[in-house]
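One structure is given here, and the rest of the page talks about it.
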Amino acid sequence: TAYEIPKRDWSSDVCSSDLADVFVQAGIPHNQMFCAPRDVMTSLVGFSMHQGIIASVKAPPLIDVIDVHLPCLVLNGIADSENVGTIVRTAAAFGWKSLIVDERTSSPLLRRAVRVSMGTLFSMRIHRTEHLPSTLRELRVLHDVDIVAAETHESAVDIAAKEFRVKTALVIGAEGHGIADDVLRACSTIVRIPLHPSVPSLNVATATALRIYEYASQHGVR
């Protein structure tokens, strides 16, 4: 409703695009496909940079903690949707299927996160929590999981020295302030990536990819 849509009934313009066959093969009924000028589509979406195809879909339901599959990713305060999308795409590439996000993390179901994830977001089982430390403690009780914090800390071990358990939950914090103290206390171990002193940190998505790859080098692609 934030955009003024031209008053015209487009429902009679059934899509005749070459892509219509692709949509039919995906199980979308022909009477749910319509054509409209690009300015109308831009008005509906709210931005001009798209490839001329839009869809209305239902968001997948969130899951309970007991239904989390391991290994899983845990996002603590990651506000950038593009970082969330990139992290999800990396996790999916190595076969990780579950994601836990807290109340300060950008929703992985936002348009930008879904786009950057290249649609892999829809292969993920998502649990959203309003109190991450409690959720991590519950996760440990339910699944006997090793909760690994990705953080630079005096008690952290180098990633090369970490023997990942199959049942691992990898906690990722925001680039600015890292993992919150109460969340860090709920973790089993802390793992760091050794860096040259001139570069104190990596982009959060890059750092996550390195840790997931290290897990895969020990246990394979899930």
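Details
- Filter result (touching a helix residue (DSSP H, G or I) at 6+ places or on another chain (Cβ under 9 Å) and closer than 15 Å to Pro194 by Cβ) within segment 155-176: Ile159, Ala160, Lys162
- Long-range neighbours under 7 Å by Cβ, at least six apart or interchain, first residue more than 20 Å from Lys58 (Cα to Cα) and in contact (Cβ under 8 Å) with a residue 12 or more places away in the chain within segment 22-46, second open to solvent by less than 80 Å² (accessible area, probe 1.4 Å) and aliphatic (A, V, I, L, M): Val40/Ile5; Ser43/Ile5
Here's the yes/no breakdown for (1) within 19 Å of the chain's Cα centre (by Cα); (2) free of Cβ contacts under 8 Å to residues at least 60 places away in the same chain; (3) open to solvent by 50 Å² or more (accessible area, probe 1.4 Å):
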{"position": "Pro197", "(1), (2), (3)": "no, yes, yes"}
{"position": "Pro200", "(1), (2), (3)": "no, yes, yes"}
{"position": "Asn203", "(1), (2), (3)": "yes, no, yes"}
{"position": "Arg211", "(1), (2), (3)": "yes, no, no"}
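- Inter-residue pairs, beta-carbon under 6 Å, first of a type in the set (Phe, Trp, Tyr) and in segment 166-180, second surrounded by fewer than 18 Cβ atoms within 10 Å (Cβ to Cβ) and in a strand (DSSP E or B), 6+ apart: none
- Scanning segment 161-179 for residues that are in contact with a Pro (Cβ under 8 Å, 6 or more places away or on another chain), surrounded by fewer than 19 Cβ atoms within 10 Å (Cβ to Cβ) and among the hydrophobic types (A, V, I, L, M, F, W, C) yields a single hit, Val166.
- Candidates Phe34, Phe23: the one that is within 26 Å of Val116 (Cβ to Cβ), hydrophobic (A, V, I, L, M, F, W, C) and either modelled with pLDDT of 80 or more or surrounded by 10 or more Cβ atoms within 10 Å (Cβ to Cβ) (or both) is Phe23.
- Scan of segment 64-121 for residues that are in a strand (DSSP E or B), closer than 14 Å to Thr208 by Cβ and without any contact (Cβ under 8 Å) to a residue 40 or more places away in the chain, ordered by number: Leu99, Val101
- Residue check for Glu175: among the acidic types (Asp, Glu), on the phi < 0 side of the Ramachandran plot and under 22 Å from the mean Cα position of the chain (by Cα): yes
Residue-wise test of (1) under 12 Å from the mean Cα position of the chain (by Cα); (2) farther than 17 Å from Thr129 by Cα.
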| residue | (1), (2) |
| --- | --- |
| Met41 | no, yes |
| Ile54 | no, yes |
| Pro71 | no, yes |
| Ala91 | yes, yes |
| Val101 | yes, no |
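- The set of residues from segment 149-187 being closer than 16 Å to Asn76 by Cβ, in a loop (DSSP other than H, G, I, E, B) and in contact with a Leu (Cβ under 9 Å, 6 or more places away or on another chain) comprises Glu151, Thr152, His153, Glu175, Ala180, Ala186, Cys187.
- Residues of segment 122-148 classified as of a type in the set (A, V, I, L, M), more than 14 Å from Asp102 (Cβ to Cβ) and in a helix (DSSP H, G or I), total: 2
The values are calculated or read from the model by the stated rules, or taken from the named source; none is laboratory data. The shown structure was predicted, so the numbers you read here are calculated from the model rather than taken from an experiment. Cβ atoms come from the backbone with ideal geometry, glycine included; neighbour counts cover every protein chain shown. For the accessible areas, the whole protein counts, side chains as well, though only heavy atoms, and no ligand, DNA or RNA atoms are used. Shrake-Rupley method; radii C 1.70, N 1.55, O 1.52, S 1.80 Å.
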